[in-house]
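Have a look at the structure below before the remarks.
The values are calculated or read from the model by the stated rules, or taken from the named source; none is laboratory data. In this text the structure is predicted, and so the values were computed from the model without any measurement. A quick note on method: Cβ atoms are made from the backbone with ideal geometry, for glycine too, and the neighbour counts reach across all protein chains shown.
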Amino acid sequence: MARAAGKTAVKPGDNVWVNVDVLMTHDVCGPGTIGVFKREFGQDAKVWDKNKIVIIPDHYIFTADSKSNRNVDILRDFVREQGLKYFYDVIDDPNGHWVFDAAKGPMKRQYGDSFAGVCHTALAAKGHTRPGEILLGTDSHTCMAGAFGEFATGIGNTDAGFVLGTGKLLLKVPETMRFRLEGKMQKGVMAKDIILHVIGDIGFDGATYRAMQFDGPGASSLNMDDRMTIANMAIEAGGKNGIFEPDQTTFDYVNERTKFNGTKTAYDPIFCDKDQRFFYDKTFDLTKLEPTVACHPNPGVRKLAKELGNIALDRAYIGSCTGGKSSDFFAFAQIVKGKKVKIDTFGVPATPEVIADLRAANVWQVLVDAGVQMSENPGCAACLGGPADTFGRMNKPMKCISATNRNFPGRMGHLESQVFLASPYTVAASALTGKITDPREYLS
Ligand code: SF4
């Protein structure tokens with residue numbers, strides 16, 4: 001933040017104007033952001049930098065709701081008017097209109113070659129996440145990009161409208177809470193269990209406006225997918241951002257994506273200060289973690305999966321920026337391979353690349369054979385409910401175990417539904433039994 005503010009140093013509590021490296025918006029908040037920008041800067045105003053804005057429709061996409069379809073058209077019109085470089089449109093015609101074909105349904109592919117899927121996963125996949133940068137997005141889970149050693153946080157439409165016009169934002173430097181990870185996870189335990197355990201420790205508001213720093217040998221041994229899962233959920237504890245110190249694992253991932261997608265390849269990583277001081281400092285022994293569940297009604301209600309065998313489920317769901325990556329589906333498939341799910345189970349890959357990975361490894365067929373309803377349309381889908389025809393949405397009160405990241409009442413549809421957050425392993429094992437199940441019994 002100091003570097004982005006042109007200062008030699010900053011301290012917690014300082015309010016600084018930072019220069020933004022990337023601003024991301026999507027179909028839900030993009031139209032509002034554009035409205036604020038035009039109202040405040042003028043109908044003919046130009047954005048501050050057409051190469052630093054990334055627009056990713058992903059939320060209410062595969063729905064016949066006409067206003068949702070119209071939102072994507074508003075984004076396209078703005079991109080054309082401003083000459084923006086990075087727009088991952090649902091359709092390939094820059095002058096077209098997006099209309100969802102309800103007759104085809106939400107499971108058959110309905111997107112063009114530009115589409116990139118869920119914004120946070122797509123930002124990483126398309127080379128927009130780089131160490132040492134400031135990434136802001138009109139979405140609370142923008143903190144996921146902290147996995148790459150950058151300051152990434154969600155902002156509202158008003159702030160985003162201001163950034164569109166100026167490329168700057170006034171931010172308060174957060175205090176830092178340190179979560180030092182040691183040891184190796186046991187079989188059956190995943191990165192999702194780490195973050196659910198941490199949030200259970202501090203509560204769903206335990207990190208309000210603080211940076212959550214994950215470090216130690218247990219952090220550096222995690223791959224990028226796992227780091228993304230953890231940083232993504234910093235906001236579920238109220239965190240301003242989540243952050244991992246960048247290392248060779250980070251650089252390898254970023255270099256490959258930036259080279260492949262023609263995005264900016266240069267970056268200047270920032271490493272932890274030697275004399276760093278923390279508002280909170282706790283060490284977690286990963287060897288002691290067990291499959292963990294966040295129970296209704298918030299992500300801080302922590303229980304172990306093995307304690308919840310009495311909870312009968314109606315539905316299982318795997319998908320979202322948190323739980324819809326290739327590695328999530330591979331883990332899920334490990335459990336269900338050769339078996340049949342007992343309850344309605346929905347699978348929504350985060351990006352088209354995930355679908356390609358699953359098909360290439362024949363995991364897609366494994367999932368279909370197990371009875372998982374796999375959608376070929378990557379996106380947010382039922383992670384945040386959405387219009388009534390959204391794939392996997394809970395339209396009546398039911399209990400669902402989900403690999404997503406948020407379970408406040410009404411999050412996945414009906415207000416009286418209950419969502420239990422868990423790892424892909426635990427979701428898979430629970431889908432097989434119809435009740436919350438410790439996955440370790442399915443892993444030889
Ligand atoms: S998948 Fe869910 S959490 Fe992620 S951006 Fe979409 S709605 Fe938000």
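Only one of the numbered conditions (1) in a helix (DSSP H, G or I); (2) in contact with a Phe, Trp or Tyr (Cβ under 9 Å, 6 or more places away or on another chain) is not met by residue 131, and that is (1).
Each residue in segment 88-101 was checked for being surrounded by 13 or more Cβ atoms within 10 Å (Cβ to Cβ) and under 22 Å from residue 389 (Cβ atoms), and 7 of them qualify. Filtering segment 328-373 to residues that are assigned to a helix (DSSP H, G or I), without any contact (Cβ under 8 Å) to a residue 60 or more places away in the chain and aromatic (Phe, Trp, Tyr) leaves 330, 364.
The number of residues in segment 299-326 being assigned to a helix (DSSP H, G or I), of a type in the set (S, T, N, Q) and away from the ligand (no atom under 16 Å from the Cβ) comes to 0. Among the residues of segment 328-373, those identified as within 16 Å of the ligand (Cβ to nearest atom) and either surrounded by fewer than 19 Cβ atoms within 10 Å (Cβ to Cβ) or charged (D, E, K, R) (or both) are 328, 353. Just checking, does segment 150-167 include any residue being touching a residue at least 40 places away in the same chain (Cβ under 8 Å), more than 13 Å from the chain's Cα centre (by Cα), within 16 Å of the ligand (Cβ to nearest atom) and more than 26 Å from residue 37 (Cα to Cα)? No, segment 150-167 contains no residue that is touching a residue at least 40 places away in the same chain (Cβ under 8 Å), more than 13 Å from the chain's Cα centre (by Cα), within 16 Å of the ligand (Cβ to nearest atom) and more than 26 Å from residue 37 (Cα to Cα). Screening residue 148 with (1) outside the structural domain of residue 247 (by TED's automatic domain parsing); (2) touching a Phe, Trp or Tyr at 6+ places or on another chain (Cβ under 7 Å); (3) closer than 19 Å to residue 233 by Cα gives one miss only, at (2).
Does residue 150 satisfy the criteria of being surrounded by 20 or more Cβ atoms within 10 Å (Cβ to Cβ), out of contact with any strand residue (DSSP E or B) (no Cβ under 6 Å at 6 or more places or on another chain) and under 18 Å from residue 5 (Cα atoms)? Here the answer is no, as residue 150 does not meet what is asked. Screening residue 387 with (1) surrounded by fewer than 21 Cβ atoms within 10 Å (Cβ to Cβ); (2) more than 16 Å from the ligand (Cβ to nearest atom) gives one miss only, at (2).
Would you check if there is a residue in segment 39-55 being in the same structural domain as residue 128 (by TED's automatic domain parsing), within 16 Å of the ligand (Cβ to nearest atom) and under 26 Å from the mean Cα position of the chain (by Cα)? The answer is yes, given that some residue of segment 39-55 is in the same structural domain as residue 128 (by TED's automatic domain parsing), within 16 Å of the ligand (Cβ to nearest atom) and under 26 Å from the mean Cα position of the chain (by Cα).
Checking the structure you have, find out if any residue of segment 104-122 is away from the ligand (no atom under 16 Å from the Cβ), closer than 24 Å to residue 354 by Cα and touching a helix residue (DSSP H, G or I) at 6+ places or on another chain (Cβ under 9 Å). Yes, segment 104-122 has at least one match.
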